[in-house]
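Below: one structure, written as structure tokens.
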Amino acid sequence: MGRETLLTLLVMLFGGLVMQPLALLPSREPLGASPVVAERNAWQRLWLPVVPVLAVGAWLCGWALREPDPVTTRFDHGMIIGASLPFFVVALRAALRAIWVLLRRPEELPVCTVGFVHPRVVFDPHLARVMDDGPMHAALAHERAHVRHRDPLRIWLAQLATDLQWPWPWAYRRFQSWLELLEHARDDEARSRGASGTDLAAAVVATARHACRTPRPAPGPCLSGAQAALLGDARALAVRVGRLLAPLPASHRPPQVSAWRAATTPALLVLLLGAVLVWGAVFGNDILHPFLLWTWNV
């Protein structure tokens, strides 16, 4: 079998065996943290099952760097393909759904942020004509916070990570919890920059009423489109309006995150994957060859 083909099958097999148990982790509601901190923690919990898969993939890529092409070790092709097939189906489903979100036309929402590389705010002119200046500026401040954090791209990546953990419902609950916390965090950021909580609550209510007058088809689970919107479901809207009408606690003001701190986690992840890649190149044969021979002898 070709080296790249076997590498793909092994990534699916070992990656799926690692991810599926981690995807069973139940979702936990953060307690006592500010929305910014809670949103960051929820984002990390969303990706927790995916990071080990990246490490497995890096380790196998290191092994492949030392392996001849085609692979000369004897192994049971049918067993490897059959064991990898369920995880391949999950990965293919996630990839197709992610591509579909990229290709399809975005939903026509009254106020939202769209765009991956250069996000921009989209504001329905019919809504702008009936909205007062205060709520309009508050809504724009909220959406500009989405722009600063490139949230459409983050939502698309979060949907992809959630689909990779299909079919477990806990992954979808973690995704929905993160989306709700994301809106709370951007609300607080807008308020910390001068937007009125009352005006922002009025903007949320006005946007919801406008959306009800112009109904749209409901998107499927985990396929809501890579855009950050001012809306949510009825329960989330009630909680959100209640938060906006309450004073912003001084202790819950969004902390200023330095550029160094924001880059720390990706840098550590890159270093980890690089170390695992080297480990796979040095010691991969000692582990994989016995496994491949075992499949032949079973």
### Query
Quick one: Karplus J couplings for the stretch 149-162, per residue in order, coefficients 6.51, -1.76, 1.60, θ = phi - 60°, nearest Hz, x for Gly and Pro?
9, 6, 5, x, 5, 5, 5, 5, 5, 5, 5, 5, 4, 5
### Task
Please state, rounded to one decimal and in Å, the Kirkwood hydrodynamic radius that the stretch 132-188 gives when every pair of distinct Cα atoms enters the mean of 1/r.
12.5
### Message
If I model a spin label at Val282 and Arg105 as a point 7 Å from the Cα along the Cα→Cβ vector, what separation in nanometres do I get?
### Response
5.6
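Pop the C-beta distance of Leu153 and Arg120 into the FRET formula with R0 = 22 Å and round what comes out to the nearest 0.05.
So, using R0 = 22 Å, E works out to roughly 0.95.
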### Query
Rule-of-thumb check for the stretch 98-179: C-alpha Rg over 2.2 N^0.38 Å?
1.27
### Message
Give me the extension gain from Val205 to Leu22: residue separation times 0.36 nm, minus the current Cα-Cα distance, reported in nm with one decimal.
### Response
62.1 nm
## Note on the structure
Assertion target for Cys112, Cys212, ordered by fewest C-beta neighbours within 10 angstrom first, is Cys212, Cys112
### Query
How many nm separate the modelled label positions at Asn41 and Phe291, each set 7 Å beyond the Cα in the direction of the Cβ?
3.4
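Under 13 Å from the Cβ of His289, count the other residues' Cβ atoms, weight Lys and Arg +1, Asp and Glu -1, and hand me the total.
On the way: positive: Arg66, Arg74; negative: Glu67, Asp286.
Value of the local net charge: 0.
Every read-out reported here was derived from the displayed coordinates using simple, explicitly stated rules and does not represent laboratory data. Fair warning: this is a prediction, and the values are worked out from it, not measured in the lab. Quick reminder, even Gly has a Cβ in these numbers, built from the backbone with ideal geometry, and neighbours come from all protein chains shown.
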